[in-house]
Amino acid sequence: MTETLAEAPTTHPQMLAWVAETAALTTPDRVVWIDGSAGQHQQLIDELVAAGTFVKLAKKPNSYWCASDPTDVARVEDRTFICSVDEADAGPTNNWMDPGEMRAIMKDLYRGCMKGRTMYVIPFVMGHLDAEKPMFGVEITDSPYVVVSMNVMAKTGTRVLEKMGETADYVPAMHSIGAPLEPGQADVAWPCNDTKYIVQFPEAREIQSFGSGYGGNALLGKKCYSLRIASVMARDEGWLAEHMLILKLTSPTGTVKYIAAAFPSACGKTNLAMLEPTIPGWKVETLGDDIAWMRFGKDGRLWATNPENGLFGVAPGTGWDTNPNAMRAIDAGGSVFTNVALTDDGDVWWEGMTPEAPAHLTDWHGNDWTPSSGTLSSHPNSRFCTPIRNCPILAPEYDDPQGVPISAILFGGRRKTTIPLVTESRDWTHGTFMGATLSSETTAAATGAVGVVRRDPMAMLPFIGYNAGDYFQHWIDVGKGADADKLPKIFYVNWFRRDADGGFLWPGFGENSRVLKWVVDRLEGNAAAVETPIGHVPAPGSLDLEGLSLSEAELAQAVHVDAEEWKAEIPLIQEWFDKIGEKTPTSLLTELDGLKARLGL
Ligand code: GDP
Ligand code: PGA
Ligand code: MN
């Protein structure tokens with residue numbers, strides 16, 4: 001092991017010390033540095049195939065099927081901690097433990113945890129390697145599945161180490177599946193541990209994860225770094241790290257607008273980011289589908305970059321009729337599919353891919369499955385992991401370290417009632433109020449009950465790395481420090497409103513281009529809106545329904561602001577702000593008072 005360390009492809013003294021210390025604590029059989037080469041990537045894949053973790057797909061180039069332990073399928077929010085020095089800095093929405101106490105617990109768990117396994121060291125960068133201040137990280141893990149996935153989701157390897165030199169700061173991101181192997185003990189296809197911890201130390205800018213191999217818990221560059229740790233950096237440095245897709249929208253006359261949108265996990269980010277417009281002449285190109293870092297440019301506008309290199313998308317519901325561009329992306333090769341079903345001819349399938357299921361499948365549990373089985377073939381949170389360059393509509397600006405100037409921000413959630421299809425905020429503070437009070441029904445992306453309405457501010461509830469009240473204040477301050485005319489306009493959307501029979505009031509997917517068009521028309525002063533107590537909704541005739549079998553009357557239902565529903569919503573918002581407590585910005589309480597008054601309360 002010392003030999004491997006001596007051969008380390010870096011002379012960064014702090015990194016070498018940390019790697020040596022970690023190896024001494026976790027006692028792996030060997031240490032392997034990830035170099036980012038195609039050869040090493042393939043070698044790891046071959047090992048995963050030999051171990052029975054991966055099955056090579058005959059029908060897709062260089063792509064693999066994989067099934068997790070049935071208990072390790074989603075983010076574990078109740079096991080996720082923000083260990084700030086002061087408990088108040090974690091706020092009322094995060095789990096907290098004293099950092100010293102937590103470090104002691106983690107150290108105990110890590111002791112000997114890599115026995116019989118290989119420890120991989122993954123140097124990575126989130127965002128551009130040539131950014132003004134590249135966002136470096138080093139993930140240590142004992143999971144080759146994590147390495148292969150990180151190679152897709154981030155820029156990894158020697159080129160990162162070279163850029164880091166001997167002095168660069170980086171986020172140490174420690175991960176173990178927590179499944180040491182005794183000599184002679186046979187491994188399982190998806191080793192993990194019933195004890196799970198996903199820990200962020202915001203002041204130290206450090207991550208420690210144990211027990212899970214699932215994406216959001218284990219690919220530490222993603223939610224843990226690019227949202228939880230980065231949101232703290234953003235607060236300290238005056239920018240925004242958000243759970244947002246980024247898309248480029250070009251109108252038939254060639255006008256280009258960049259739009260960012262925050263929806264909770266499994267509420268439509270990937271789909272909107274890759275949308276195929278149904279209205280003639282409009283074009284969408286993708287820049288990102290999950291995370292946006294937004295900084296002010298010299299021109300006073302907010303510029304967004306996507307720190308990721310891959311797509312980690314929800315599989316079920318992704319099909320040729322809902323998200324053809326995602327289907328093309330996963331067909332292009334280099335993908336890992338986790339917890340979907342396997343077809344007899346070596347392809348993948350999941351609910352919603354095609355209207356009819358194949359006659360026989362191997363389900364995500366590895367069992368025979370037929371349409372009459374009465375079970376889901378794929379886990380509702382099953383995922384595809386694909387290089388973003390596979391996306392056929394990737395915008396060329398994707399790779400620009402400067403990013404793109406954002407004209408509109410959409411907040412959205414999954415609500416059966418109350419929330420109209422689209423509402424425009426009056427100004428930045430009102431938009432911040434919309435974001436801060438965003439609500440959504442829970443999904444399978446996190447463990448726990450599904451379909452329960454909860455507040456999910458800016459779709460960041462599980463990802464704010466500090467006090468949510470301070471986070472709201474940060475949003476207000478970002479607006480205050482800017483030229484109002486240059487700030488993005490904020491809208492609130494809901495693709496998931498239902499009618500009395502439970503059907504969707506709005507067809508969604510590609511038809512959402514009509515809402516994007518209305519947004520652009522509003523930015524340009526070309527569409528009419530009706531003022532309501534909650535903001536501006538489309539005036540009759542202002543949202544393009546040409547070619548859609550939806551009547552103006554049906555649309556009216558989708559954009560309807562129901563005073564009674566909103567009156568019922570007020571106590572929930574009040575309760576939410578009570579929970580946030582004294583850190584709730586006064587300006588948001590004023591917004592609530594204004595809303596109540598307009599509702600006649
Ligand atoms: P993400 O996790 O936020 O990226 O969400 P996805 O884009 O992967 O979508 C999650 C689920 O919501 C999938 O099952 C989609 O099919 C579904 N979905 C996405 N957009 C829409 C929409 O506009 N309408 C409806 N009804 N469902 C949608
Ligand atoms: P998403 O998150 O559902 O927002 O894509 C991925 C994850 O939960 O790890
Ligand atoms: Mn997604």
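The simple spin-label model puts a point 7 Å past each Cα toward its Cβ; for K107 and D344 those points are separated by 5.8 nm. Annotation: L487 carries an accessible surface of approximately 10 Å², with a 1.4 Å probe and no ligand, DNA or RNA atoms counted. Helix 144-153 and the longest principal axis of the Cα set of the chain meet at an angle near 40°. Computed from phi, the 3J(HN,Hα) profile of the stretch 232-237 under the Karplus parametrisation 6.51, -1.76, 1.60 (θ = phi - 60°) reads 5, 4, 5, 4, 5, 10 Hz, with x in place of Gly and Pro.
Calculate what fraction, in whole %, of the accessible area of the chain sits on carbon and sulfur atoms when a 1.4 Å probe is rolled over the protein chains.
Numbers: 11360 of 22010 Å².
After summing per-atom areas, the C and S share lands at 52 percent.
Show that you can apply the helix-only estimate: for the chain, add -39,500 (n - 2.57) for every DSSP H stretch of four or more residues, divide by all residues, and state [θ] at 222 nm to the nearest 500. Walk me through the intermediate numbers first.
On the way: 16 runs with 159 residues, N = 601.
Helix-only estimate at 222 nm: -7500 deg cm²/dmol.
If you sort T443, T375 by accessible surface, 1.4 Å probe, largest first, the order is T375, T443. Principal-axis analysis of the Cα atoms of the chain puts helix 13-26 at an angle of about 70° to the longest axis. Under 18 Å from a point placed 7 Å out from the Cα of D299 along the Cα-to-Cβ direction: which residues of the stretch 222-263 have their backbone N that close? Within reach of a label on D299: 247-251, 254-260.
The rule of thumb for compact globular proteins, 2.2 N^0.38 Å, goes into the C-alpha radius of gyration of the stretch 444-601 1.17 times. Checking the cross-link pairs K298/K579; K248/K489; K163/K257; K133/K223; K133/K486 against a 27 Å limit on the alpha carbon distance flags K298/K579; K163/K257 as lying beyond it. In this structure, V188 and E162 have a Cβ-Cβ separation that, at R0 = 41 Å, corresponds to a calculated FRET efficiency of about 0.65. Between S551 and D236, how high is the FRET efficiency from 1/(1 + (r/R0)^6) when r is the Cβ-Cβ distance and R₀ = 51 Å? Nearest 0.05. That gives a FRET efficiency of 0.50.
For the stretch 296-395, the C-alpha radius of gyration divided by 2.2 N^0.38 Å, with N the number of residues, is 1.31. Each label was represented as a point 7 Å from its Cα along the Cα-to-Cβ direction; for D46 and K133 these points are 4.3 nm apart.
Principal axis extents of the C-alpha atoms in the stretch 1-91 (largest first, rounded to whole Å): 53, 39, 22.
If DNA, RNA and ligands are ignored and the probe is 1.4 Å, what is the ranking of Y64, Y170 by accessible area, most exposed first?
Working: Y64 5, Y170 25 Å².
From most accessible down to least: Y170, Y64.
Convex hull volume of the C-alpha atoms in the stretch 85-175, normalised per residue: 151 Å³. A 1.4 Å probe run over the protein chains yields, for the chain, 37 Å² of accessible area per residue, whole-number rounding.
What's the local net charge at A558, with K and R +1, D and E -1, over the other residues with C-beta under 13 Å away? List each step's numbers first, then the result.
Working: positive: R415, K416, R497, R498, R514; negative: D499, E511, E552, E554, D562.
Once all neighbours under 13 Å are counted, the net charge is 0.
Hey, what angle do you get for helix 99-110 against the long axis of the chain, alpha-carbon based, 0 to 90 degrees rounded to 10? The angle comes out near 50 degrees.
Give the whole-number value, in cubic angstrom per residue, of the convex hull volume spanned by the C-alpha atoms of the stretch 276-322.
Numbers: hull volume 5.4 nm³, N = 47.
Measuring per residue, one finds 115 Å³ for the Cα hull of the stretch 276-322.
For the chain, the Cβ-based charge dipole about the Cα centre amounts to some 460 debye (Lys, Arg positive; Asp, Glu negative; other atoms uncharged).
Partner aspartates and glutamates whose Cα lies under 14 Å from the Cα of K416, excluding those fewer than 8 positions away in the same chain, are identified as E441, D499, D501, D562, E565, E569. When the alpha carbon gyration tensor of the chain is reduced to an equivalent ellipsoid, the three semi-axes, largest first, read 39, 28, 23 Å. Neighbours of A90, meaning other residues whose beta-carbon lies under 14 angstrom from its beta-carbon, give a summed charge of -4 when Lys and Arg score +1 and Asp and Glu score -1.
The values are calculated or read from the model by the stated rules, or taken from the named source; none is laboratory data. All of these numbers come straight from a predicted model, not from anything done at the bench. Positions of Cβ are backbone-derived with ideal geometry, glycine not excepted, and every protein chain shown enters the neighbour counts. What goes into the accessible areas is simple: the full protein's heavy atoms, side chains included, and nothing from ligands, DNA or RNA. Shrake-Rupley method; radii C 1.70, N 1.55, O 1.52, S 1.80 Å.
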